[in-house]
Amino acid sequence: MVTIRRARAGDAADIARVEIETWRETYAGVLPDRMLLGMSERRLTAGWRDTIARAAAGQHVAVADCRGVVGFGSCGPIRAGALPYDGEVFTLYVLPDYQGRGIGRALLAKLFATLAAAGGRSALIWVLADNPSRFFYHAMGGALVAVRRERQWGSVLREMAYGWSDLAEIARTPDGLVARQSRAT
């Protein structure tokens, strides 16, 4: 049984562990090895503890809990206003052994509900073009709305933005993302 809930400060170390494991699995051969191997659980734990504490500033973190954190996501106001969206999903990661069970969809729905409750009407997420999980966002009804190149970790990376223009529609539809999935494919 998986529970999707708001993250607590005590979840920070588990979130850091999930981030490291998923990044090393997903981005091997995409991001520089030195960057992936240099990920620090201690540093990431401190960062997630700070992010969880900033919930009052509009950032929110949710976790998928199955006798321990097996996935997480974060969201808040859009960071760069060049695109016509007001909310952004910053992160969404599920441990490889738990993928394909609906946990990512449940986390995304929770993040969208959180953004909508804060007055958000729309949302987007940026994903590396070489990330095979990007197809998940299309399956969840996201439309490809932008592509950019960013220099990160000494590499120029291609990123794609998937957007949802009506969070209220998703909230009104029973199993909103599931229903949108059938229309998107």
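The values are calculated or read from the model by the stated rules, or taken from the named source; none is laboratory data. Because the structure is a prediction, the values reported are computed rather than measured. Ideal geometry is used to build each Cβ from the backbone, glycine not excepted, and the neighbour counts take in all protein chains shown.
All of (1) at pLDDT 90 or above; (2) surrounded by 15 or more Cβ atoms within 10 Å (Cβ to Cβ) hold for G119 with one exception: (2).
Of all residues in region 131-157, those that are surrounded by 13 or more Cβ atoms within 10 Å (Cβ to Cβ) have Cβ atoms under 8 Å from Cβ atoms of residues that are among the acidic types (D, E) and assigned to a strand (DSSP E or B), 6 or more apart or on another chain, in R148/E159; L157/E150. Look at T45 and say whether it is at pLDDT 90 or above and either surrounded by 19 or more Cβ atoms within 10 Å (Cβ to Cβ) or among the basic types (K, R) (or both). No: the conditions fail for T45. Just one of the listed residues (V63, V89, V70) is touching a Ser or Thr at 6+ places or on another chain (Cβ under 8 Å) and assigned to a strand (DSSP E or B), and it is V89. Please count how many residues of region 78-102 are at negative phi and either surrounded by fewer than 16 Cβ atoms within 10 Å (Cβ to Cβ) or touching a Cys at 6+ places or on another chain (Cβ under 8 Å) (or both). Residues in region 78-102 being at negative phi and either surrounded by fewer than 16 Cβ atoms within 10 Å (Cβ to Cβ) or touching a Cys at 6+ places or on another chain (Cβ under 8 Å) (or both): 14 in total. Checked against (1) farther than 27 Å from G10 by Cβ; (2) modelled with pLDDT under 95, H60 passes all but a single condition, namely (1). Quick one: is C75 farther than 19 Å from R24 by Cβ, in contact (Cβ under 8 Å) with a residue 40 or more places away in the chain and crowded, with 24+ Cβ neighbours inside 10 Å? Spelling it out, C75 is indeed farther than 19 Å from R24 by Cβ, in contact (Cβ under 8 Å) with a residue 40 or more places away in the chain and crowded, with 24+ Cβ neighbours inside 10 Å.
Given the residues T114, T51, which is the only one that is among the hydroxyl-bearing types (S, T, Y), out of contact with any helix residue (DSSP H, G or I) (no Cβ under 9 Å at 6 or more places or on another chain) and within 20 Å of I15 (Cα to Cα)? After applying the criteria, what remains is T114.
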